[in-house]
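The structure under discussion appears below in the form of structure tokens.
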Amino acid sequence: MTELRRRGGGGDPDSTENISDKEADGDDKLCFPGEAEGDTEGDSKADTPDVPPSTDNTPQCLNKALEGLSSRWRNWWVRGILSLTMIIGFFLIIYLGPIMLILVVMGVQIKCFHEIITIGYRVYHSYELPWFRTLSWYFLICVNYFFYGETVADYFALVQREEPLQFLVRYHRFISFALYLAGFCMFVLSLVKKHYRLQFYMFAWTHVTLLIVVTQSHLVIQNLFEGMIWFILPISTVICNDIMAYLFGFFFGKTPLIKLSPKKTWEGFIGGFFATVVFSFLFAYLLSQYQYFVCPVEYNSETNRFAVECDPSNLFVMQEYTLPAAVQNVIRWKTVNLYPFQIHSIALSSFASLIGPFGGFFASGFKRAFKIKDFADTIPGHGGIMDRFDCQYLMATFVHVYIASFIRGPNPSKVLQQLLVLQPEQQLSIFNTLRNHLREKGVLPPAVAEAQ
């Protein structure tokens, strides 16, 4: 940018026009690091526009009860009470079933999107960017239409059978793309000469937010349909790690872990890891005993309800394992009975403890870039919803990849749903091919085959 200014009238006419616009208006280069001459590296107050600080919305009754405590212990009690309340609410939502869980995930997604977009709006609202918030919410609707439409088409057999809905299922992706194109064209038409660069900044801001929030929440729902245990355990391990790392750091923390989060300590990080692995192993044992948690969530079109009844897969059937010789010498046991899922829980909890916190560090870096303490002030002592779910989204992606790589096999229900939308001639061809294949394998006796 400096080099272009030095050229003055050199270069093509468009470049000259753009330079003169920016020099005359000055709006498009304000408050961005490294843009103006003489800017220092990232820490000056001019680097980032000021964001209004969050307000303390702790209930008055709680403030009065804790008014005699130091700020450190007061924050400890506020966080503890609110954490316990949220955990109780979480298990209540689980009790209400899959539909309520899906609605809650969608609500959390919308709130997280609102918090991030609001930061962008507060920072740049003085520039009066045309249609910024309108287009942001429009793109959110488009992306949700695409992802939730895919989910409905995959898991709800009802839409495959209803004639009016088959059109939407068949052309779902084309409709989604057309909706997005409409928003894209609206953005191009909204471009204003003196705000080109800012508008593209905010366009990228919106799309990165959609990638981080909406895509990950879609993966959370995908994990839920694999079985509620794939939803509950990962979320619980992240919650456990967050709580235990905080407690170990609060009482024993002395060694700083990372500059992005000065309050994080190695003691909290290591203590949280071991506590989370133990919790996950025991919690997996408890959940594996119940069909409600281990069976895939399937929609029953006859009863119009979700069903969580099945014969549990081998992953949730108790098996005997022979311990290594070194372990046998220590604990004097030769074998141990475990659910195979408990072994997988160690991998899940290890990720939640060792890699999951980097989602929080990423969020801390983001907040430091805009000089804010929290994304919002929705939850007293905790900040915004995004402050509580920064690690959950990273965990959801890992669980989805883990299931696809190591757990999931062919899904007969999805194959059947695809068969139901084929033409009768295609269905008959597949039936004859499958019948001949089963006859060759000896599964279908020739006499029975002929009778059919």
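Some notes on this structure:
- Distant-in-sequence amide H partners of Val308 (H built 1.01 Å from N, under 5 Å): none
- If the segment from Thr397 to Thr303 were pulled out straight at 0.36 nm per residue, it would be longer than the present Cα-Cα gap by 30.6 nm.
- Cross-link pairs exceeding 27 Å between alpha carbons, from the set Lys193/Lys371; Lys111/Lys254; Lys264/Lys371; Lys254/Lys373; Lys111/Lys367: Lys193/Lys371; Lys111/Lys254.
- Amide proton proximity set for Glu226, modelled H, under 5 Å, gap of 5+: Val297
- Averaged over residues, the count of other Cβ atoms within 10 Å places the peptides 148-154, 252-258 in the sequence 148-154, 252-258, highest first.
- Here the peptides 272-281, 335-344 are ranked by packing, the mean other Cβ count within 10 Å, and the order with the highest first is 272-281, 335-344.
- Placing R0 at 30 angstrom, the Cβ-Cβ distance between His207 and Val421 gives a FRET efficiency of 0.40 after rounding to 0.05.
- For Gly383, the amide hydrogen comes within under 5 Å of no other amide hydrogen, counting only partners 5 or more places away or on other chains and with H modelled in the peptide plane.
- Computed with a 1.4 Å probe on the full set of protein chains, the accessible area for Arg368 sits at about 120 Å².
The values are calculated or read from the model by the stated rules, or taken from the named source; none is laboratory data. In this text, all values refer to a predicted model and were calculated from it rather than measured experimentally. All Cβ positions, glycine included, derive from the backbone under ideal geometry; neighbour counts span all protein chains shown. Heavy atoms of the whole protein, side chains included, go into the accessibility calculation; ligands, DNA and RNA do not. Shrake-Rupley method; radii C 1.70, N 1.55, O 1.52, S 1.80 Å.
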